[in-house]
Amino acid sequence: QPTMDRNRKWVPGLGAALLILLCHVTSALEVPLDRKFLLPQPPTITLQSPKDYIFDPRENIVIHCEAKGKPTPSFSWTRNGTHFDVEKDSNVLTKPGSGTLVIDISGEKAEAYEGTYQCTAHNEHGTAVSNNIVIRQSRSPLWSKERNEAITVQMGVSLVLQCRPPAGLPPPVIFWMDNNFQRLPLDKRVSQALNGDLYFSNVLPEDTRSDYICYARFPHTQTIQQKQPISVIVLNMETMNETVAALYNVTEFYSGDPEGERPPGFMMPLGPASAKMVLRGETLELECIAEGLPTPDISWQKDGGELPSSRMSFHNFKKTLMISDVNEADAGDYRCSATNNLGNAHHMIKVTVKAAPFWVSAPRNLILAPNETGILTCRVNGEPKPKITWFVNGIRLENAPEDHSRKVEDDTVILSNVQTGSSAVYQCNASNEFGYLMANAFVSVLAEAPRVLTPPNQVYQVIANHPALLHCASFGSPIPTITWFKDSQTSIRNGDPYVIHENGTLEIHVAQPLNSGKYTCIATNNLGIRENHVFLEVKEPTRILKQPEYKVVQRGMSAMFECKVKHDPSLIPTMTWLKDSGELPDDERFVVDTDSLTIKDVTDEDEGTYTCIMNTTLDRDSASAMLTVATPTPAIKPDPPTDLELTDQTERSVQLTWIPGDDHNSPTERFLIQYEDLLHQPGVWVNLSEVAGTSTTARLSLSPYIYYSFRVLALNRVGYSRPSQPSRQYRTNPAAPDENPSDVKGVGTEPGNLVISWTPLTGFKSNGPGLEYKVLWRQKDTDGEWSSRSVANVSQCVVSGTPTFQPYEIKVQAFNDYGSGPEPEVMIGYSGEDLPLSAPESLQVMVHNSTLAEVHWEPVSIPSVRGKLQGYKVLLDYGFFHAASNNKRKIQIYGNRSEGRLPGLQPYSLYNLFIRVVNSKGEGPQSSSKTFETPEGVPGPPSFLNVTTSSLDSLTLQWGPPMNNNGRLAGYTLKYQPVNNTNELGPVKVMMFLANETTTTLGNLNSSMLYKFYLSAKTIKGSGPIVTEEAFTVIDTGGSPVPSRQVDIATQGWFIGLMCAIALLILVLLIVCFIKRNKGGKYPVKEKEDAHQDPEIQPMKEDDGTFGEYSDTEDHKPLKGSRTPSNGTVRRDESDDSLVDYGEGGDGQFNEDGSFIGQYSGKKEKDTHEGNESSEAPSPVNAMNSFV
């Protein structure tokens, strides 16, 4: 990004300026481009295409060039060093707001746009230029035609199969495959070199094959080309005589040495030494391929040094050594050695490292105040040493207007006492024979008061004992001086513990809680002053207080790791557990709690290192421990606990202690404590409590009037132990009941009673002898005395003589010989209900439409309901106007309502309505009736639609009336339309019928045509749903009628006569042609004609000699029997006997003996004999064309 150098001072002369400038470390400041600042800035290139751009000719060329500045820069381009006027080229589009070019090459030759492009961004303060962008089209040339002769080699010798692909741009990727597109297997004996050739260190008989194919894949165009297959034959000369060898028709024969073993030798590179040059930063590829038998092994070493292990890799079975990101230290002598059991061979590769120019220090943007001095440096390196050239606003300094304040010293430009208006963009170009670098750096001359860019009141949070950085980014020209204050009072100076950096940032080396507070930074220059406030909060560090510990756990047991953490209370912590530096397995056996990890039922796979990590937004802490899984000894149920002892006895509790038994290699999970009540349920043991397996004591809560005896069972993963021996007996004294019966209810079962029921106390809860229940009741809201009755050994009490459906307050209290239970809770119950006394009145019905009405009534009084109002029941008697009223329906309306909706009514019906009140007892008397009518609606669909008769040009339809007329039936609407053989619908015709009509015959239809029918009934409200039907008209084929979806043929008489005459002439002409040409072989086709009758070629009618089918459209339409459409093409999909198959100049096909593949067919007259055909017959198509 554009930056502003601080290496400048207010100086009276150039000498002092240079001294100060060279002694300062360069730092930079970004020029703010926010709209609120509105500061001028020369252009800066922010995005450009790479120097070498290879484009795909199938896509548009996009050359990027974007820049920023104030005012917004304008853009221009050069191509091959001259101005490129993009406005005059309609194929070139400039993206709005940038200089990016989009070149449409879809209709042009892509080569026309190859070349070297350079972008220029200009505003009133300077000009920035891009790199030279070389645009080249990707190419994937075809493989040159060649014929590869078979290669015959003796077994054991070496072999090279050359690929030599065409030179593409970029170069292709090479691979070898067979005819089945399977890659050829490569190993240390058979390998592919970097140039694509296939090397055999020694050949074996299994290398014999005829499909060694080299493929080249061109990346940009994604095309793959292949070389002609190469055939290789491997001979075992000991088993072959010269006669057999002479039978091989080969042009190449590699005899080599005899088949025996031999020491290694290098196939590539050749000779004892070679040289390799590589550029700094690129990847060095060294390759050695050796031959020999057995196959040699390859090794590498560098003379006088070590191979760089971090950047080095071996490929192609160690035949290729690659070193990435090469630097000068990688130069030297590299030795590759080939070794087998007969000896070794060596090859020395001398590597030299050159370097294209690379940056040591690129020039950076300068913002100077008037009369200041600045310096631009362009430090580069390379091998050979790059040449540095300076430009200003895209013009070489030598050719630019003279500026006495500017001095150039090789890689440095010194600007002295700059003045307003001298802003410019400087370019540094460093080049050598391997490339170039170019950088833009602007010099902007501004006079601006300070601005603080850091947001105000920003809060910084750090952990205690860590560094804290408080930023004070500023802008101004001259560059502002930054000072800091703490809590708006204490001035901060450089020195322990504070450091004020050159960019204004305040650093506290080791932050402590006392450093928390408000900090103020002040930016000052000779044009003004500005301040900003920030806040520092120093937090306590996160620490793990209890770390997880090493565990050895038997398989099947549980393991728990603890991880207790302390952290700053204002930070939100997050605990994460890892296993072997990865996530925990997704298994419910792993249970993560707030400060622990428990692994249940440990398996061998759980062994490893477990790490707990505590993260906050500012810091983290972690600790690890190992889990070792041991092989368990067989586990059995634990032994029962022993020595049960009762202590600390009170009226309602006792302390029970015991000694655990042996757990038999399975830790005890819990203890179950049971008791026996020898007074109420002797011999029955009841579960009382459970405690953890690590406990040996339990405090037991007891109840009065129980003769207790306790026992304990231990549980491990195998199961429960046998019960322990019972403890001594412990009796609790009787007492009054602790609780009253539950589920107290009051419900009347019939008029005049109230049944009060409850759930009795168990003997365990009676707390003493003589348990009874005191039942109390009184009518609610009367403030009368409570009536009561005491009962025993029952769960309900019936109170008689109560008024109908009145609320009662009821309660039930338990008592025994030792007193009464607590004051019982008052419940509300109701006495028995009776049937309602009255019916709703003032019935009103509002009819909304033919199926919905709404009924209103005057609600009955609540006392007359004599029970809980459930709602109202509406009873409907109804029938259609033309039928008796014999239908009934009931609608339940729930709740205390005075209206209800009546959905689902039948249209055009007369309804008689009654309403009854409903309570829990039943229904009340019926109200007076209310009669209403529903208006007409649309009818239902006709009950059926059938086609009863089908002929050549007519169809007879019959239908039934709707099941529901829903009104006075006004009639029927019939719509129909033809459907052609492509399922396309023709025009719709509409017919109307009276209500009493249920059949019709449709005439003047097209034969051999499918028709679709839509029928609906209607009333004055409109038409109802439709029913559909489909049917074919038929055509007489000489036998039974056959339905068809083919295009119909007209039946007009004059057209039939004309078509018959033309057809007869064509038939005569065909017969004459066949007789004249009956000189060659004879090919009977009668059998095939009979076996392949075409249903579309119709016979001649015996009675009048006319064809049975012809076109009903324009005269220029062809005969149906012919297969020549009006456009002159032949529709193969309509028939197999196209006349084109018979034409001499057509595309007809022949059998191997010269006969036609296609035959024609047609039903012959009874007296027609089989004719002889000739392959030399003239074309019937030509003959037919003579009549057109």
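The values are calculated or read from the model by the stated rules, or taken from the named source; none is laboratory data. All values reported here derive from a predicted model rather than from experimental measurement. As a convention, Cβ positions derive from the backbone with ideal geometry for all residues, glycine included, and neighbour counts pool all protein chains shown. Only protein heavy atoms, including side chains, enter the accessible area calculation; ligands, DNA and RNA are left aside. Shrake-Rupley method; radii C 1.70, N 1.55, O 1.52, S 1.80 Å.
A few notes on this one:
- Residues Lys564, Lys811, sorted by accessible area with the largest first, give Lys564, Lys811 [1.4 Å probe; ligands and nucleic acids excluded].
- Summed residue charge, Cβ within 13 Å of Asn946's Cβ, Lys/Arg positive, Asp/Glu negative: -2
- Loop-resident GluC sites (Glu not before Pro) (DSSP state other than H, G, I, E or B) in the range 576-624 with no more than 13 further Cβ atoms inside 10 Å of their Cβ: Glu588.
- Relative to one another, the C-alpha centroids of the range 818-843 and the range 762-777 are positioned 25 Å apart.
- For the range 787-916, diffusion coefficient by Stokes-Einstein and Kirkwood Rh (Cα), 20 °C, 1.002 mPa s, µm²/s: 113
- Applying the criteria of a DSSP loop state and at most 10 other Cβ atoms within 10 Å to the trypsin sites (Lys or Arg not before Pro) of the range 84-183 yields Lys109, Lys145, Arg147.
- Applying a threshold of 18 Å to the alpha-carbon distances of Lys811/Lys921; Lys873/Lys921; Lys888/Lys930; Lys873/Lys930; Lys109/Lys145; Lys188/Lys276 flags Lys811/Lys921; Lys109/Lys145; Lys188/Lys276 as lying beyond it.
- Under 5 Å from the amide H of Ser231 lie the amide H atoms of Ile151, each residue being 5 or more positions distant or on a separate chain, with H modelled from the backbone and absent for Pro and chain starts.
- Inter-part distance, the range 563-590 to the range 332-363, computed on C-alpha centroids, equals 50 Å.
- Interchain or long-range residues, amide H under 5 Å from Ile463's placed H: Lys539
- Charge sum, other residues only, whose C-beta stays under 12 Å from Phe932's C-beta, Lys/Arg counted +1 and Asp/Glu -1: -2
- The accessible surface of the range 477-560, taken with every protein chain in place and a 1.4 Å probe, is 51 percent carbon and sulfur.
- Here the range 612-634 and the range 87-162 have alpha carbon centers that stand 57 Å from each other.
- The 3J(HN,Hα) values that the Karplus relation (6.51, -1.76, 1.60; θ = phi - 60°) gives for the range 55-60 are, in residue order, 9, 8, x, 8, 10, 5 Hz. Gly and Pro appear as x.
- Carbon-plus-sulfur accessible fraction, the range 136-235 (probe radius 1.4 Å, protein heavy atoms only): 51%.
- Once the 1.4 Å probe is applied to the protein heavy atoms, the range 662-760 comes out at 48 Å² accessible per residue.
- Heavy-atom SASA rank of Thr1001, Thr542 (probe 1.4 Å, accessible area, largest first): Thr1001, Thr542
- When each of Lys318/Lys350; Lys890/Lys1021; Lys302/Lys354 is checked by Cα-Cα distance, pairs over 22 Å: Lys890/Lys1021
- Considering only alpha-carbon pairs that sit under 8 angstrom and 6 or more positions apart, the relative contact order computed for the range 323-445 is 27 percent.
- Phi-derived couplings, Karplus 6.51 cos²θ - 1.76 cosθ + 1.60 at θ = phi - 60°, listed residue by residue for the range 433-446: 5, 9, x, 8, 10, 9, 9, 9, 9, 8, 10, 10, 9, 10 Hz, with x used for Gly and Pro.
- Using a probe radius of 1.4 angstrom, the carbon and sulfur fraction of the accessible surface of the range 564-607 is 45%.
- Accessible area per residue in Å² at 1.4 Å probe, computed on the range 811-886: 51
- 1.4 Å probe accessible area per residue over the range 934-1027, in Å²: 48
- For the range 598-605, Karplus couplings with θ = phi - 60° (6.51, -1.76, 1.60), whole Hz, Gly/Pro x: 10, 10, 8, 6, 4, 10, 4, 5
- Among the GluC sites (Glu not before Pro) in the range 907-985, those located in a DSSP loop and surrounded by at most 13 other Cβ atoms within 10 Å of their own Cβ are Glu984.
- Database remark: amide H of Asn887 closer than 5 angstrom to the amide H of Tyr878 (H placed geometrically; neighbours at sequence offset of 5 or more, or on other chains; Pro and chain starts carry no H).
- Projected onto planes of every orientation and averaged, the convex hull of the alpha-carbon atoms in the range 561-647 covers 10.1 nm².
- Exceeding the 21 Å Cα-Cα cut-off - candidates Lys579/Lys637; Lys745/Lys868; Lys539/Lys564: Lys579/Lys637
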